[in-house]
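S.K.: Sharing a structure below in structure tokens format, with a few things to ask.
The values are calculated or read from the model by the stated rules, or taken from the named source; none is laboratory data. Just so it is clear, the structure is predicted and the values come from calculations on it, not from any experiment. All Cβ positions, glycine included, derive from the backbone under ideal geometry; neighbour counts span all protein chains shown.
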Amino acid sequence: MQNKLAQLTDLAIEEFKQAKGRRELYDIKVKYLGKQGQFSVIMKDMAQLPKEERPVFGKVVNEKKNLLEQFYSEQEAHLKKIELEQKISSERVDLTLPGPKRTTGGHHPIALVINDIVMILSRIGYSVRLGPQIEQDWYNFSALNIPADHPARDLQDTFYIDPSHVLRTHTSPIQIHTLENEKLPLRILAPGAVYRCDSDISHSPNFHQIEGMLVDKKVSMADLKGTIVFLLQNLFSTQIQVRFRPSYFPFTEPSAEFDCTCPLCKGKGCRMCKQTGWIEIGGCGLINPKVLEATKVDGEEWQGFAFGLGIERMAIIRYGIEDIRWFTENDVRFLEQFTS
Ligand code: PHE
């Protein structure tokens, strides 16, 4: 009997050692030490022993059972530790991996240039006005002294919605809305999208302009020049020079176009300025008395100047953009270069 007991104990220990998980270990414990287990069977056999041997045998059985219980606990702790280690290593986070990239939005280069111009001129009293993109003939043409036979009115140049409505071809109609509705004196900036039937590498049917207008008493060409030099030197650099060339616009008189020394080559001549050293920026002039008359402003009392420039052109110069169509293609690889 004693022998059988020793064998059974060894067998249990051996099986405990083999167990691969805590569940299996527990099943083995039940098999040996449980109510219906092997040790219970042996206890029943005890009845066959002579009476005097029974207590000794009973003691040995208890010793073996305690031994197995202890071995079980140790084994269980060991397996628990292994399971935990496996769990930790399978769930490990590699802190050296790069994190998920967070992309941020940003302003479109056109908006950046508009914002800069507005910031600069707001320092000398200008504030922003907006106008509709579908304009009546009056605002886009007639009130601006653009006669019926002017080439700008041609179907080739202008998108007509119907015979008396067009997609505005410039931001100058905002001059008219403002003169009709607001008190004088005033200084306004009117940025926005404009439309012309034109499309190639440097012309887009949809582009942007910003219009500036000042109306006050005793306004001269010198005030206009000073304002434009102030704007361009703040926008590019104080080193650049500005020149004015006589020109013609129906809504200004006298009229001029203005250029600045190429900010890229500083006037030496390069691809951007077509080797001339100068870049055309926009048009300007003193407000034609006919425009004041059309908007019922007393031209004896008030004078003014206006200027308009193309935003895409400013952005092209500032950021060295080669194709005007990139502005509207919405390619994030292009646009994300302007996020800071
Ligand atoms: N509206 C003119 C254009 O689109 C620019 C301009 C604005 C000229 C204001 C003079 C005064 O070409």
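Residue-by-condition table, conditions (1) modelled with pLDDT of 95 or more; (2) at negative phi:
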residue: VAL128; (1), (2): yes, yes
residue: GLN133; (1), (2): yes, yes
residue: PHE141; (1), (2): yes, yes
residue: ASN145; (1), (2): yes, no
residue: ALA148; (1), (2): no, yes
residue: PRO151; (1), (2): no, yes
residue: PRO163; (1), (2): no, yes
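S.K.: Hey, can you tell me all the residues within the range 93-144 that are surrounded by 11 or more Cβ atoms within 10 Å (Cβ to Cβ) and of a type in the set (Asp, Glu)?
M.R.: Residues satisfying the conditions are ASP116, GLU135, ASP137.
S.K.: Moving on to the next point. Tell me the helices (runs of 4 or more DSSP H) entirely within the range 82-194 that contain at least 3 residues that are in contact (Cβ under 8 Å) with a residue 12 or more places away in the chain and within 30 Å of VAL229 (Cα to Cα).
M.R.: Here the list reads 109-122, 173-181.
Conditions (1) modelled with pLDDT under 90; (2) among the β-branched types (Val, Ile, Thr); (3) within 26 Å of THR169 (Cα to Cα), marked per residue:
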{"residue": "PHE258", "(1), (2), (3)": "no, no, yes"}
{"residue": "CYS265", "(1), (2), (3)": "yes, no, no"}
{"residue": "ARG318", "(1), (2), (3)": "yes, no, yes"}
{"residue": "ILE321", "(1), (2), (3)": "yes, yes, yes"}
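S.K.: May I pose another question? Could you please give the count of residues in the range 281-323 that are in a helix (DSSP H, G or I) and either away from the ligand (no atom under 16 Å from the Cβ) or within 16 Å of ALA143 (Cα to Cα) (or both)?
M.R.: Going through the range 281-323 one residue at a time, the tally reaches 11.
S.K.: Is it the case that GLU63 is touching a Gly at 6+ places or on another chain (Cβ under 8 Å), part of a helix (DSSP H, G or I) and of a type in the set (Asp, Glu)?
M.R.: When the stated conditions are applied, GLU63 does not pass them.
S.K.: Hey, among the residues in the range 195-205 that are touching a residue at least 40 places away in the same chain (Cβ under 8 Å) and part of a loop (DSSP other than H, G, I, E, B), which one's surrounded by the fewest Cβ atoms within 10 Å (Cβ to Cβ)?
M.R.: ILE201
S.K.: Out of ILE174, ILE146, report the one residue that is hydrophobic (A, V, I, L, M, F, W, C), in contact with a Lys or Arg (Cβ under 6 Å, 6 or more places away or on another chain) and within 15 Å of the ligand (Cβ to nearest atom).
M.R.: Criteria check complete, one pass: ILE174.
S.K.: Sticking with this one: Might you check whether a residue that is in a loop (DSSP other than H, G, I, E, B), more than 14 Å from the ligand (Cβ to nearest atom) and at positive phi occurs anywhere in the range 227-247?
M.R.: No, there is no match, as no residue in the range 227-247 is in a loop (DSSP other than H, G, I, E, B), more than 14 Å from the ligand (Cβ to nearest atom) and at positive phi.
S.K.: Also, quick follow-up: What tally of residues in the range 36-57 results from selecting those that are closer than 28 Å to GLU24 by Cα and assigned to a helix (DSSP H, G or I)?
M.R.: Counting residues in the range 36-57 that are closer than 28 Å to GLU24 by Cα and assigned to a helix (DSSP H, G or I) gives 8.
S.K.: To continue, here is another question. Which of (1) surrounded by 14 or more Cβ atoms within 10 Å (Cβ to Cβ); (2) closer than 30 Å to GLU83 by Cα does VAL60 not meet, given it meets every other one?
M.R.: (2)
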